[in-house]
Amino acid sequence: MLPLLQNKERKCIVKDSLGRTLHDLRISVTDQCNFRCPYCMPYKKIVKDSFLEKDEFLEISEITRIASLATQLGVKKIRLTGGEPLLRKDINALISMIQGIEGITDIALTTNGSLLANKADELKAAGLNRLTVSLDSLDEEIFSAMSGGFGAVKDVLQGITTAGKAGFKKIKINVVVEKNANESSILDLVDFFRGTPHILRFIEFMDVGTKNNWEATQVIPSTETYRKIHHKYPLVSLDANYPGEVASRYAFEDGKGEVGFISSISQPFCQDCSRLRLSPDGKLYACLFATEGMDVKSLLRSDISDIALFDCFKNFWMEREDRYSEKRFFDAPQIQRPKVEMYKIGG
Ligand code: SAM
Ligand code: SF4
Ligand code: SF4
């Protein structure tokens with residue numbers, strides 16, 4: 001199907017203003033979600049008519065064109081996310097199209113797992129390589145508080161089991177850890193997933209968007225979560241799978257699997273950040289905490305050539321100087337500016 005660019009010479013490794021290269025593209029396919037996790041999309045603060053209209057979404061052919069061009073700048077990995085990506089009806093078709101792009105070596109998808117049991121087989125058949133499932137607790141009451149009252153633990157677990165049978169072997173299980181919310185679930189989750197091929201990843205509660213009432217006092221630093229787990233099941237450090245991996249990896253000393261920690265607050269990893277993000281309405285963002293993105297949809301719909309579009313992407317990356325997390329506690333104006341919401345930009 002591709003390469004789109006006839007001139008192979010244009011394929012290049014670009015560096016941003018801090019010397020970082022581009023490897024990953026995170027594509028948020030929808031701003032809709034069937035959960036209302038208070039740390040992402042708090043029920044009372046989400047205005048119903050603030051969601052995108054049908055004609056505002058990028059078509060899957062447009063997403064594929066963007067992904068193809070991004071490979072010419074070094075992108076090899078694609079993550080599909082949202083909102084809840086499994087709400088998008090053409091998600092399988094999109095995966096198949098991305099799978100056909102020369103240069104893409106890995107397609108992953110992050111889901112809340114509530115709809116996974118019925119979709120795992122078709123996702124695998126479409127060409128999805130890897131799955132991440134979010135699950136903040138095994139306790140129904142705590143789970144419900146963390147999801148805004150939607151979904152059920154048993155459905156997410158069923159989704160993980162079915163996905164395992166469909167061939168997704170090492171599923172990452174994302175757990176947002178928030179003070180006075182789900183600390184008591186940490187060891188329950190470890191007990192449950194230890195000895196399985198799946199990998200728990202504990203994520204510090206982040207100040208994404210402007211609606212989740214984030215305060216630094218609600219963050220449990222990863223060192224604390226690590227200590228809790230290490231005390232019961234000793235851990236040994238593992239090397240990163242690849243440069244720029246966001247999670248620090250640890251293995252259980254007794255060989256019963258692996259856990260990871262994503263510490264955007266206490267140990268920012270901006271210096272290796274190699275990700276671009278595309279929103280469902282076609283804006284390209286260079287940082288999870290960005291205020292504005294580049295309006296790619298308007299460019300796409302203006303009959304722009306691939307070469308001109310490629311140059312826009314290239315310049316966008318080269319001008320990038322984002323390092324929000326590193327400056328979080330030192331740069332008040334940066335922190336106070338508006339930020340795009342997590343469910344619009346994708347996690
Ligand atoms: N709806 C899907 C899900 O929940 O897995 C995909 C989108 S969600 C925005 C992607 C990831 O971001 C999830 O693992 C979620 O737990 C995480 N997330 C959302 N808000 C967060 C926050 N404030 N701090 C840390 N992680 C967050
Ligand atoms: Fe939905 Fe995922 Fe955000 Fe929860 S974290 S509200 S499941 S998009
Ligand atoms: Fe990348 Fe921005 Fe997160 Fe830093 S704060 S790691 S630049 S997304």
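Here is how the numbers come out for the structure above:
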item	result
Options Lys232, Lys170, Lys211: the member that is touching a His at 6+ places or on another chain (Cβ under 7 Å) and either open to solvent by 40 Å² or more (accessible area, probe 1.4 Å) or not aliphatic (A, V, I, L, M) (or both)	Lys170
Residue match in region 100-122 (condition: among the basic types (Lys, Arg), within 16 Å of ligand 1 (Cβ to nearest atom) and under 18 Å from the mean Cα position of the chain (by Cα))	no
Qualifying positions in region 312-331 - open to solvent by less than 50 Å² (accessible area, probe 1.4 Å) and more than 21 Å from the chain's Cα centre (by Cα)	Cys312, Asp331
Out of Arg277, Arg337, Arg328, sole residue that is at pLDDT 95 or above and among the basic types (Lys, Arg)	Arg277
Count of residues meeting criterion [more than 13 Å from Asn92 (Cβ to Cβ), more than 16 Å from ligand 2 (Cβ to nearest atom) and either open to solvent by 60 Å² or more (accessible area, probe 1.4 Å) or in contact with a strand residue (DSSP E or B) (Cβ under 6 Å, 6 or more places away or on another chain) (or both)] in region 111-139	3
Checking Glu292 against (1) over 23 Å from Phe202 (Cα atoms); (2) at pLDDT 95 or above, the condition it does not meet	(2)
Options Ala166, Ala181; residue that is over 24 Å from Ala108 (Cα atoms) and of a type outside the set (Ser, Thr, Tyr)	Ala181
Region 209-227: number of residues that are outside any loop (DSSP other than H, G, I, E, B) and closer than 16 Å to Phe329 by Cα	4
Residues located in region 29-80, provided they are small (Gly, Ala, Ser) and open to solvent by 20 Å² or more (accessible area, probe 1.4 Å)	Ser50, Ser61
Failed criterion for Gly255 (all others in (1) on the phi > 0 side of the Ramachandran plot; (2) modelled with pLDDT of 95 or more; (3) open to solvent by less than 40 Å² (accessible area, probe 1.4 Å) hold)	(3)
Selection count, region 84-110, where residues are in a strand (DSSP E or B), crowded, with 22+ Cβ neighbours inside 10 Å and either within 16 Å of ligand 3 (Cβ to nearest atom) or among the charged types (D, E, K, R) (or both)	1
Residue tally, condition open to solvent by 10 Å² or more (accessible area, probe 1.4 Å) and part of a loop (DSSP other than H, G, I, E, B), over region 184-207	6
Spans of strands (runs of 3 or more DSSP E) in region 233-347 with at least 2 residues in contact (Cβ under 8 Å) with a residue 60 or more places away in the chain and more than 16 Å from ligand 1 (Cβ to nearest atom)	none
Scope region 275-289; condition under 25 Å from Glu53 (Cβ atoms) and surrounded by fewer than 21 Cβ atoms within 10 Å (Cβ to Cβ); matching residues	Asp281
Qualifying residue in region 215-233 (condition: closer than 28 Å to Ile107 by Cα and aliphatic (A, V, I, L, M))	no
Odd one out for Gln267 among (1) farther than 18 Å from Thr223 by Cβ; (2) open to solvent by 50 Å² or more (accessible area, probe 1.4 Å); (3) in contact with a Pro (Cβ under 9 Å, 6 or more places away or on another chain)	(1)
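For (1) in contact with a Gly (Cβ under 8 Å, 6 or more places away or on another chain); (2) away from ligand 3 (no atom under 13 Å from the Cβ); (3) not basic (Lys, Arg), each residue gets a yes or a no:
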{"residue": "Asp254", "(1), (2), (3)": "no, yes, yes"}
{"residue": "Gln267", "(1), (2), (3)": "no, no, yes"}
{"residue": "Asp303", "(1), (2), (3)": "no, yes, yes"}
{"residue": "Ile307", "(1), (2), (3)": "no, yes, yes"}
{"residue": "Cys312", "(1), (2), (3)": "no, yes, yes"}
{"residue": "Trp317", "(1), (2), (3)": "no, no, yes"}
{"residue": "Lys327", "(1), (2), (3)": "no, no, no"}
{"residue": "Gln334", "(1), (2), (3)": "no, no, yes"}
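Every residue, every condition in (1) touching a Phe, Trp or Tyr at 6+ places or on another chain (Cβ under 8 Å); (2) modelled with pLDDT under 95; (3) among the β-branched types (Val, Ile, Thr); (4) within 16 Å of ligand 3 (Cβ to nearest atom), yes or no:
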position: Lys48; (1), (2), (3), (4): no, yes, no, no
position: Glu56; (1), (2), (3), (4): no, no, no, no
position: Glu59; (1), (2), (3), (4): no, no, no, no
position: Ile63; (1), (2), (3), (4): no, no, yes, no
position: Thr71; (1), (2), (3), (4): no, no, yes, no
position: Lys77; (1), (2), (3), (4): no, no, no, yes
position: Gly82; (1), (2), (3), (4): yes, no, no, no
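The values are calculated or read from the model by the stated rules, or taken from the named source; none is laboratory data. None of the values given here were measured: they were computed from a predicted structure. Cβ coordinates were reconstructed from backbone atoms using ideal geometry, including for glycine residues, and neighbour counts include every protein chain displayed. Heads up: the accessible areas ignore ligands, DNA and RNA and are worked out on the full protein's heavy atoms, side chains in. Shrake-Rupley method; radii C 1.70, N 1.55, O 1.52, S 1.80 Å.
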